[in-house]
Amino acid sequence: MTEKNINRRDFLKLTAVGVAVAAGTRAVTHTKASSNAPKGKHQWAMVIDQSKCTGCNYCTLACQAHNDTNPEIQWNKVLEDGMVGDKKVYVPRPCMHCEKAPCVEVCPVQASYYRDDGIVMMDYDRCIGCRYCQVACPYEARSFNWRAFTEPNPAVPEWGDPEVERRPRGVPEKCSFCYQRIDRGLSLGLKPGVDADATPACVVVCPVGARIFGDLNDPESNVSKALHENPSYRLRENLGTGPRVHYLPAVPKKEA
Amino acid sequence: MLKNLRSKLIITPWMIWLGFLGIILLGGLFAGILVFWKGLGITNLTDLVPWGLWITIDLSSIALAAGAFSLCAGVYLFGLKRYQPIARTATFVGLVGYTMAMLSLVLDIGRPDRFWHAMVHWNTHSLMWEVTMCVILYLTVLVFESMPIFASFEWFRKRFPRLASKMEHLHHYAPILAIIGLGLSSLHQSSLGAMYGVIKARPFWFKPEMSVLFMLSAIVGGIAVTLFASMLSARLTNKAKVNDALVERVAQFVGYLLIGYFYFRAWDALATTYTYDPGRTEGLQLMTKGPLAFNFWFVEMLLGMIVPMILLLYRPTRLNHFWRMTALFLVAAGVATFRWDTNISGLLVVMPYIPGQTIAYTNYEPSLIEFLTGGAIIAYGLAAFSLGVRYLRVVDHTLIEKELERVKVEATEPVTA
């Protein structure tokens with residue numbers, strides 16, 4: 001083989017190498033890809049029924065206990081949203097776990113990332129604390145640890161026991177759909193959304209059953225049914241973030 | 001002996017200047033230690049306004065360091081060789097500016113111990129990742145570009161003559177470094193704007209022209225601050241020698257650039273509401289009528305653009321040293337104000353995420369700690385530049401001209417032989 005002539009074997013070799021490299025980089029970029037969430041077996045979602053919510057704030061307190069958050073930080077906020085008839089309406093707001101999450105896209109170090117079940121996670125050991133995700137989040141779902149949380153958690157033990165490690169000072173934190181409960185529950189053969197031990201704490205604690213949790217991939221799940229049977233909306237849908245938290249509006253139900 | 005020393009110790013303006021900067025640096029050092037010890041909780045930053053004074057200092061020092069790439073590109077790529085002495089100053093200003101930016105970022109991030117994570121854990125989708133990488137790489141380029149400057153330090157030259165000559169030799173790679181520098185700078189100067197421009201959650205930022213504005217303002221401000229620093233040091237010390245004809249020509253160029261910058265800035269601001277996205281009008285009102293109105297109309301538009309534009313394009317005022325310096329300073333101040341206004345205007349408008357709720361406003365004023373540390377970062381920049389002028393002759397337009405002449409003679413030798 002001269003320098004200029006490439007025989008077929010070499011050509012094939014080169015092609016193979018080229019394809020392998022391309023596939024390799026593709027695979028690498030795929031695991032890193034942050035513009036689209038990978039789709040796994042489960043696709044967790046939450047449905048919040050505004051006609052049921054009474055604004056009692058139990059969800060917030062249970063969240064603070066189970067996730068051991070600083071009392072100044074609320075992963076789940078319950079906000080007032082005017083009146084329907086003579087009843088106050090509330091918008092409980094956890095992290096939306098967007099399908100195209102701005103926080104994941106902007107994070108310079110991939111500390112925010114997608115799990116293949118749709119949960120938008122934070123790697124608190126990787127985060128550098130630049131707060132770009134906070135600036136980018138359309139739902140104010142992220143809270144920064146401006147100071148270290150060292151004192152006892154006032155929500156414990158009344159509202160539950162901590163299940164995750166406290167986050168260090170200098171990183172933002174947010175709702176994780178109680179991934180620790182889901183993962184542990186699945187490993188025990190429980191069904192998230194049905195069995196309390198495998199379901200997010202806010203859903204379990206809700207005294208009026210305003211929160212439904214489950215798998216969108218399962219047409220028989222509570223969330224799939226609720227979304228199929230009722231009109232629903234999502235927050236700031238015009239931004240194209242694709243939130244996984246759906247709301248059933250508190251409009252008066254059709255009078256039959 | 002003590003008496004002897006005392007008689008030698010005369011207080012010069014130079015010492016007063018260094019002493020003054022030293023006090024600010026000490027205050028900032030104290031405040032900085034407090035920040036690392038107590039955390040960002042002692043600042044006035046909040047979850048709604050997580051970026052404040054430090055980010056503005058970061059953005060501004062990067063912008064005002066842009067003279068390095070624009071002038072180096074002009075000199076080494078576009079063949080404007082006679083402006084090389086100014087490019088030399090600009091390179092040093094660039095080095096100082098980027099280290100200032102690094103300092104403010106180390107303060108600003110919550111986990112400064114993990115600053116290196118961006119180099120290891122790449123998120124290629126993130127504008128901030130791109131900016132971080134470009135800034136790190138460009139800082140490296142600047143270090144190489146400034147090697148010949150450091151090689152001219154007398155003490156260093158005597159102590160390490162071989163190393164000094166090697167460092168001086170890097171001068172020959174200036175065109176290559178200028179190409180890399182131009183690439184990296186164009187990328188991150190504009191991406192710094194795009195960093196804001198891609199945030200769809202904040203409609204006042206969410207626009208493509210953000211990167212154009214950041215790029216343009218950086219070139220204008222970067223060149224202006226280099227010229228201003230050169231002229232000021234030439235006035236204050238005989239260690240700095242300025243070729244006024246060169247400075248005047250570049251100042252005129254800044255005047256023309258200002259027209260473009262003014263046009264884009266005015267168009268960008270006043271056309272903001274064309275899309276009627278909620279939040280845009282509110283942002284514009286903050287700028288034109290609200291708490292930022294003074295900054296926008298008076299500092300940015302009038303003092304930062306229109307006044308210097310006139311002063312630099314009208315020949316009599318441009319030839320007058322006082323007016324030219326005033327104009328150049330105003331340009332730089334205007335660019336820094338633009339960065340502040342841009343950052344803060346997007347954050348102060350709090351977009352509702354619940355349908356039907358109205359837009360709210362928040363506020364932010366830097367805390368004393370932020371001012372002390374921010375002041376120290378600026379004092380560091382001033383001190384570094386002053387030391388450079390005194391010991392590295394970074395503003396010496398006669399120095400390079402000799403070198404150029406020597407090169408010229410060498411080149412003509414074969415012809416005459």
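Laboratory data are not the source of any read-out in this text; all were calculated from the coordinates shown. Note that the coordinates shown come from a computational prediction; the quantities given were computed from them, not determined experimentally. Positions of Cβ are backbone-derived with ideal geometry, glycine not excepted, and every protein chain shown enters the neighbour counts.
Once you wrap a convex hull around the alpha carbon atoms of segment A:68-167, what is its projected area averaged over all directions, in nm²?
Working: hull surface 33.9 nm².
One quarter of the hull surface, i.e. the mean projection, equals 8.5 nm².
Taking the Cα-to-Cβ direction at residue A:188 and at residue B:179 and moving 7 Å from each Cα, how far apart do the two end points lie in nm?
6.4 nm
Counting only DSSP beta bridges with both residues in segment A:36-248, what percent are antiparallel, rounded to the nearest 5?
Working: 17 of 22 bridges.
Roughly 75 percent of the DSSP beta bridges within segment A:36-248 come out antiparallel.
Which of the GluC sites (Glu not before Pro) found in segment A:61-118 are in a DSSP loop and have at most 14 neighbouring Cβ atoms, other than their own, within 10 Å?
On the way: sites: A:72, A:80, A:99, A:105; in loops: A:72, A:99.
Qualifying residues, ordered by number: A:72.
Among the chymotrypsin sites (Phe, Trp or Tyr not before Pro) in segment B:23-115, which ones are in a DSSP loop with at most 10 other Cβ atoms within 10 Å of the Cβ? Mind listing them?
Values: sites: B:30, B:36, B:37, B:51, B:54, B:69, B:76, B:78, B:83, B:92, B:98, B:115; in loops: B:51, B:78, B:115.
For chymotrypsin sites (Phe, Trp or Tyr not before Pro) across segment B:23-115 that sit outside H, G, I, E and B with at most 10 neighbouring Cβ atoms in 10 Å, the list reads B:78.
What nm value, rounded to one decimal, do you get for the distance between residue B:33 and residue B:289 when each label is placed 7 Å out toward the C-beta?
According to this spin-label approximation, the distance is 5.0 nm.
Throw me the Rg/Rh for chain B, computed over C-alpha atoms with Kirkwood Rh, two decimals.
On the way: Rg = 22.7 Å, Rh = 22.8 Å.
Looking at chain B, the ratio lands at 0.99.
How many angstrom separate the Cα center of segment B:332-366 from the Cα center of segment A:179-219?
Each part reduced to its Cα centre gives a spacing of 39 Å.
Taking the Cα centre of segment A:36-248 as the origin and placing charges on Cβ (Lys, Arg +1; Asp, Glu -1), which of A:210, A:65, A:240 is farthest toward the positive end of the dipole?
Of the candidates, A:240 comes out farthest on the positive side.
Looking only at Cβ-Cβ distances, which cysteines of the protein assembly as shown have no other cysteine closer than 4.7 Å?
When partners are defined as cysteine Cβ atoms under 4.7 Å apart, the protein assembly as shown leaves A:53, A:56, A:63, A:98, A:107, A:127, A:130, A:137, A:178, A:206, B:72, B:134 without one.
Peptide A:161-169: average number of partner chain Cβ atoms within 10 Å per residue? Each step should come with its number before you reach the end.
On the way: counts 0, 0, 0, 0, 0, 0, 0, 3, 6.
Per residue, the average neighbour count from other chains is 1.
In percent, how large is the relative contact order of segment B:17-416, given Cα pairs closer than 8 Å and 6 or more residues apart? Don't skip to the end; give the middle numbers.
Working: 576 pairs, mean separation 112.0, N = 400.
It rounds to 28 percent for segment B:17-416.
In whole angstrom, note down how far apart the Cα centers of segment A:51-83 and segment B:10-52 are.
Taking the Cα centre of segment B:10-52 as reference, the centre of segment A:51-83 is 39 Å away.
Taking 20 °C and 1.002 mPa s as the conditions, I'd like the Stokes-Einstein D for segment B:222-296 in µm²/s, using the Kirkwood hydrodynamic radius from alpha carbon pairs.
Working: Rh = 15.3 Å.
So the translational diffusion coefficient is about 140 µm²/s.
Express the Stokes-Einstein translational diffusion coefficient of segment B:116-232 in µm² s⁻¹, to the nearest whole number, given a Kirkwood radius over alpha-carbon pairs, 20 °C and a viscosity of 1.002 mPa s. Provide the component values of the computation, followed by the final result.
Details: Rh = 16.5 Å.
Answer, rounded: 130 µm²/s.
Which helices, taking whole DSSP H runs in chain B, have alpha carbons extending 27 angstrom or more along the helix axis plus mean Kyte-Doolittle at least 1.6? Let's see the in-between values first.
Numbers: long enough: B:13-38 (37 Å, 1.80); B:84-108 (35 Å, 1.05); B:127-151 (35 Å, 1.74); B:174-197 (33 Å, 1.06); B:209-236 (40 Å, 1.66); B:244-270 (38 Å, 0.71); B:321-348 (40 Å, 0.75); B:368-387 (28 Å, 1.70); B:397-416 (29 Å, -0.51).
What comes out of the filter, once short or polar helices are dropped, is B:13-38, B:127-151, B:209-236, B:368-387.
So if I take the centroid of the Cα atoms in segment B:132-180 and the same for segment B:247-265, what is the distance between those two points in Å?
Using only Cα atoms to place each centre, the spacing works out to 30 Å.
Using Cα positions and a limit of under 14 Å, work out the aspartates and glutamates in reach of residue B:239, with same-chain residues fewer than 8 apart set aside.
B:154, B:396
Rounded, prolate or oblate: which fits segment B:257-303, taking a ≥ b ≥ c as square roots of the Cα gyration tensor eigenvalues, rounded meaning a/c under 1.5, else prolate when a/b beats b/c? Intermediate results must be reported in sequence, preceding the final value.
Numbers: a/c = 4.20, a/b = 1.31, b/c = 3.20.
Cα axes put segment B:257-303 in the oblate bin.
Evaluate the protein assembly as shown: find the radius of gyration of its Cα atoms, find its Kirkwood radius, and give the ratio Rg to Rh. Don't skip to the end; give the middle numbers.
Details: Rg = 29.5 Å, Rh = 28.2 Å.
Taking Rg over the Kirkwood Rh, I get 1.05.
I need the semi-axes of the equivalent ellipsoid of segment B:52-160: take the C-alpha gyration tensor, multiply each eigenvalue by 5, square-root it, list largest first in whole angstrom.
Equivalent-ellipsoid dimensions as semi-axes: 28, 17, 14 Å.
Step through the table entries A:39/A:77; A:100/A:174; A:39/A:174; B:81/B:158; A:41/A:77; A:52/A:77, compare each Cα-Cα distance with 18 Å, and write down the pairs that go over it.
A:39/A:77; A:39/A:174; B:81/B:158; A:41/A:77
Per residue of B:129-140, what is the mean number of Cβ atoms on other protein chains within 10 angstrom of that residue's Cβ? Spell out each step's value before the answer.
Details: counts 6, 1, 1, 4, 1, 0, 0, 0, 0, 0, 0, 0.
Mean shielding count: 1.
May I ask you to list the GluC sites (Glu not before Pro) in segment A:170-255 that are in a DSSP loop and have at most 12 other Cβ atoms within 10 Å of their Cβ?
A:220, A:255
Where Rh denotes the Kirkwood radius from the mean inverse Cα pair distance, what is Rg over Rh for segment B:135-174?
Values: Rg = 10.6 Å, Rh = 10.3 Å.
Using only Cα positions, Rg/Rh for segment B:135-174 is 1.04.
Sequence gap at least 6, Cα distance under 8 Å: using those rules, report the relative contact order of segment A:175-256 to the nearest whole percent. Intermediate values should be presented prior to the final figure.
On the way: 82 pairs, mean separation 13.1, N = 82.
Taking the mean separation of contacting Cα pairs over the length of segment A:175-256, I get 16 percent.
Could you pull out every residue, at least 5 positions away or on a different chain, whose amide H is within less than 5 Å of the one on residue A:84? Hs are placed 1.01 Å off N in the peptide plane, and Pro or chain starts have none.
Close amide H contacts, sequence-distant or interchain: A:89.
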